[in-house]
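Asker: Take a look at the following structure, please.
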Amino acid sequence: MARHAGDDEAGYLAARRLHAHHRPLWLVLWGAVEGHYIALYQGDADVTPLTDTTPDGLDARIRQAQAVIARTRPHSYWHCPVRGCAWASITPTPHAPCPSPREAS
């Protein structure tokens, strides 16, 4: 049975949603040939690429990896520069007046 680009539209859409949620520290892709989602860590810790066959499964793997990174490399993820703010890229909840990581760079 031949594959068509439209067959993977849901996979690409789910990958875009995951990427938007976990950026800028994670690049999330849909691997159409393999039939799984892939997450590549963009921070300064050595993290093996993560894969899963479902978006929820990959989201759970990313969160688990972030918890390990936070414990073992506490300075390898982004923290809000506003004094007293507890926001970090491992707990991304949009709020004001904290700048996004791109604005702080």
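Asker: Could you look through segment 38-74, keep only residues that are in a strand (DSSP E or B) and in contact with a His (Cβ under 8 Å, 6 or more places away or on another chain), and pick out the one that is most open to solvent (accessible area, probe 1.4 Å)?
Answerer: Going through segment 38-74, the residues in a strand (DSSP E or B) turn out to be 38-41, 50-52.
In the following step, the residues that additionally are in contact with a His (Cβ under 8 Å, 6 or more places away or on another chain) were identified as 39, 51-52.
Numbers: A39: 0, T51: 63, D52: 29 Å².
Here the residue is T51.
Asker: Here's another thing I want to ask about it. Considering each of G11, G35, G31, G6 in turn, give the residue that is over 10 Å from the mean Cα position of the chain (by Cα), at positive phi, at pLDDT below 95 and not aromatic (F, W, Y).
Answerer: Values: G11 fails: at positive phi; G31 fails: at positive phi; G6 fails: at positive phi.
The conditions single out G35.
Asker: Say we look at segment 24-37 and pick out the residues that are in contact with a helix residue (DSSP H, G or I) (Cβ under 9 Å, 6 or more places away or on another chain) and part of a loop (DSSP other than H, G, I, E, B); which of these is surrounded by the fewest Cβ atoms within 10 Å (Cβ to Cβ)? Write out each step before concluding.
Answerer: To start, the set of residues in segment 24-37 that are in contact with a helix residue (DSSP H, G or I) (Cβ under 9 Å, 6 or more places away or on another chain) comprises 24-32, 35-37.
Pick out the ones that are also part of a loop (DSSP other than H, G, I, E, B) and you get 24-25, 32, 35.
Working: P24: 14, L25: 24, A32: 14, G35: 10.
Here the answer is G35.
The values are calculated or read from the model by the stated rules, or taken from the named source; none is laboratory data. What you see is a predicted model; the values in this text were computed from it and never measured. Don't worry about glycine lacking a Cβ; one is built from the backbone with ideal geometry, like all the others, and counts go over all protein chains shown. Heavy atoms of the whole protein, side chains included, go into the accessibility calculation; ligands, DNA and RNA do not. Shrake-Rupley method; radii C 1.70, N 1.55, O 1.52, S 1.80 Å.
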